1. Heavy-atom accessible area per residue, the range 1-130, 1.4 Å probe: how many Å²?
2. From the phi angles alone, apply the Karplus equation (6.51, -1.76, 1.60; θ = phi - 60°) to the range 304-309 and give each ³J(HN,Hα) in whole Hz, x where the residue is Gly or Pro.
3. Packing-wise, with mean Cβ within 10 Å as the measure, how do 350-357, 61-68 rank, highest first?
4. For a quick protection proxy, order the peptides 157-167, 376-386 by their average other-Cβ count within 10 Å, most packed first.
5. Rounding to the nearest 10 and keeping the result within 0 to 90°, find how far the Cα-based axis of helix 65-76 lies from the longest principal axis of the chain.
6. In percent, what relative contact order does the chain have, based on Cα pairs under 8 Å that are 6 or more apart in sequence?
7. When only alpha-carbon atoms count, how far does the range 22-131 stretch along each of its three principal axes, as whole angstroms with the largest first?
8. List the Cys residues of the chain that have no partner Cys with a C-beta closer than 4.7 Å.
Amino acid sequence: MIYVLIFFYLRLLTRRMVTTSETWLILKGSAIALIINFALMSLLKQSDQYSRLIILMFFSLNLLLPIWIYYLKRRCLQHPLLREKVLLICDETACADSHQWLKADNPFGFDVAATVNINHYSPEGLESKVGQILEKQHFFATIIMLENTGMERMFHLMDQIQHKVKRILLVPRMTSLPMFNAEVFNSINQKGLIFFVRNNLLSDSDRAFKHVSDFILALLLTLTLSPFLFGLYAWVWLATAGKPIFKQKRIGQNGKLFKIYKFRTMRADAAEQLEKILAADSAAREEWERDRKLKNDPRITRVGQFLRRTSLDELPQLINVLRGQMSLVGPRPIIGEEIVDYGEYIDYYQQVRPGITGLWQVSGRNELSYAERVQLDVWYVRNWSLELDLIILTKTFVAVLLRKGSY
């Protein structure tokens, strides 16, 4: 009953939410419910009548709720009775991206029943067009999604239609603002919103907790996986003529150089072979300059192909984490030549320790361009929090199991 009441208070039972926000609220609600349960047992002096082990097991199983809810939503929201029709108002760029966004992150169960491109109408014509559509058809909500249009136009548009619709979802393009660490307050005096943005990177306690948890988790993973790691080491050793570990200098936090460890996936003469490939193949040279990788790389061994598809080649980097050179989550470590590709954003990269996994890995990985990878790293640093690291770690396991974007 306590769990149900807490979930109801957090509105988990009454609204459709984005998966990441819902997951965090479920974990938060479960922890609060656990504390309240133990507090009530102590106050009512009934602790001897209940099994603490059963309560802890219930709490542990409850932490799996986000996974079950995610797959339950995917199944249930396919049913026509549970889907809702929405009106989408967007500019040229947002209209092109909206369907992909709704497909990739659509826990709401929305179907776009009508679309209005604001670039095709004058301000007066736009208001008239939206009014005509709203008169003819009922919508669960109206989504205003603008990317290349100013915020003033968005708010003006909302003012024009707010009295005609029950719900409005604003989806502004605000990647430069660290919204993940922002709290929003209503201000009557200002007649608007106040954004309180925290810089968690300057929180000594948060950074210390991240470093300690990185070390403990890396140590536990190393001890647990040690038989498996030795088996992989022997397999790669046989496949690479006694050279199973690849070492390379990478750029770390504050620009410090360190040696990264990986299971070798390429031939021993990979550097020489790359020069020959780029000199002979202009398409490969263009791909390398753009992405710093080759999709069909002839230098990769058969064992290496398996290790890359499963991301097992990254496991030796647990040693880098134990040595304090890397983190479990962060931007992927780069070589010196890649500093130019980061340009003015290199300072963001150097503010944190590079990670074994990161936002790039769970957002498409090699399917993304290098410029998109840089923007993901910048977004991660701006929005860094312990909660974000937990989400990325969870999504990493899914990405590895599905082998998304790895080659």
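The values are calculated or read from the model by the stated rules, or taken from the named source; none is laboratory data. Note that the structure is a prediction, hence the values are computed from the model and not measured. Note: ideal-geometry Cβ built from the backbone for every residue, glycine included; neighbour counts use all protein chains shown. Accessible surface is based on the protein model in full, side chains and every heavy atom, while ligands, DNA and RNA are left aside. Shrake-Rupley method; radii C 1.70, N 1.55, O 1.52, S 1.80 Å.
1. 65 Å²
2. For the range 304-309, the Karplus curve yields x, 4, 5, 4, 6, 4 Hz.
3. 350-357, 61-68
4. Put in order of decreasing packing, that is 376-386, 157-167.
5. 60 degrees
6. Taking the mean separation of contacting Cα pairs over the length of the chain, I get 12 percent.
7. So the three principal-axis extents are 71, 28, 25 Å.
8. Lone cysteines by the Cβ rule: 76.
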